[in-house]
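A short worksheet on the structure shown next.
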Amino acid sequence: MFPNTYFSKAKKYWYMGKLYDWSEGIFHPMMHALHYGTSTFEGIRAYPTERGPAIFRLKEHIDRFFHSASVIKMKVPFTKEEVMEACKLVIRENQLDSAYIRPLMFYSYGNLGLVPKFSPVELIIGAWEWGAYLGEAAERGSNACIVPKRRIHISQMDLSAKLGGTYVQSTINGIEAREHGYDEAIFLNLEGRIAEGPGENICVIKDGTLHTNDRNESILEGITRTSLLEMAPDLGLKPKIAPITKEDLFGADEAFFCGTAAEISPIVKVTDFSNGFNNGQTHIIGSGKPGPVTSRLAQAYKEVVTGKNPKYEKWLYLV
């Protein structure tokens, strides 16, 4: 039996075309993905609207999900339309108004050689009510740190894919940041520039410009990031996609993490441990408090995802 203690309001999950009780376990411990991280996943959110719950940018998420599957050489056993409908079904079955949705595709039980010759590809989708990923830091602003280990480089891995095994680096460094008393980690790339957080993109605001980086900086180009770039002119901001140096971050008027789980989470302080955890200098970002432009962006984003801005209704998929 598996309790839903940390999965609020989760009652059922979808697995290979059928619904199961959340507490029911059905996997073999020798499944390939459990040993090697041979999986791909998406993080998707649904929000309450006047017309009921709506999933934000569902098509874009599922398009990326299938792209990720192609990178890890998976033959997807369902169509994109079937996966999208399954995501909606899970929301309905769990009677959720707002939710975090997790589709996970993986090489299952078959063989345990590194190459999953006899391990079938299987798909599971869960959903639950999940608040701010960074907790209180999402409100007061994150005290973040640049970790010594560099982000996996784009020359080593196709970072346009969300692969389970890739995220072990995020887990390790996220734990280390918290062990040292920080809310979140920040990675540099091999070139020594700002890459991203463990599961978030990074944006800086300077003189009315919303500045973020792109895939050449060894990041996953997040869907929240892409949305904010499109929304920026509505708020009088000039979008800019270019490398971000440490000096750009330290000298920013404002900075924030963004992502499906994190949404928009201000960064108010950064300690640079790029040369090791025993040698760090702390930098206050802007006023040291969540800034007005970040707050305006967060409010505008909230209006979009809850269906209060008709310009972006194209991004909403009613359940």
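The values are calculated or read from the model by the stated rules, or taken from the named source; none is laboratory data. What you see is a predicted model; the values in this text were computed from it and never measured. We place every Cβ from the backbone using ideal geometry, glycine too, and count neighbours over all the protein chains shown.
Quick notes
- Residue in region 139-153 that is assigned to a helix (DSSP H, G or I), within 30 Å of H283 (Cβ to Cβ) and either charged (D, E, K, R) or modelled with pLDDT under 95 (or both) present: yes
- Test result for G174, assigned by TED's automatic domain parsing to the domain that holds A255, closer than 28 Å to A10 by Cα and out of contact with any Pro (no Cβ under 7 Å at 6 or more places or on another chain): no
- Listed here are the strands (runs of 3 or more DSSP E) enclosed by region 16-133 that have at least 3 residues being free of Cβ contacts under 8 Å to residues at least 24 places away in the same chain: 18-21.
Every residue, every condition in (1) more than 20 Å from the chain's Cα centre (by Cα); (2) not assigned by TED's automatic domain parsing to the domain that holds G110, yes or no:
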| position | (1), (2) |
| --- | --- |
| F7 | no, yes |
| Y20 | yes, no |
| L34 | yes, no |
| G52 | yes, no |
| F56 | no, no |
| F66 | no, no |
| A69 | no, no |
| I72 | no, no |
| V83 | no, no |
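- Qualifying residue in region 218-226 (condition: of a type in the set (D, E, K, R) and more than 24 Å from G174 (Cβ to Cβ)): no
- Unique residue being of a type in the set (G, A, S), in the same structural domain as F273 (by TED's automatic domain parsing) and either surrounded by 21 or more Cβ atoms within 10 Å (Cβ to Cβ) or under 24 Å from L58 (Cβ atoms) (or both) when the list is S119, S142, S98, S108: S142
- Among the residues of region 193-249, the ones that are in a loop (DSSP other than H, G, I, E, B) and aliphatic (A, V, I, L, M) come to 5 in all.
- Qualifying residue in region 255-269 (condition: part of a loop (DSSP other than H, G, I, E, B), of a type in the set (A, V, I, L, M, F, W, C) and within 21 Å of the chain's Cα centre (by Cα)): yes
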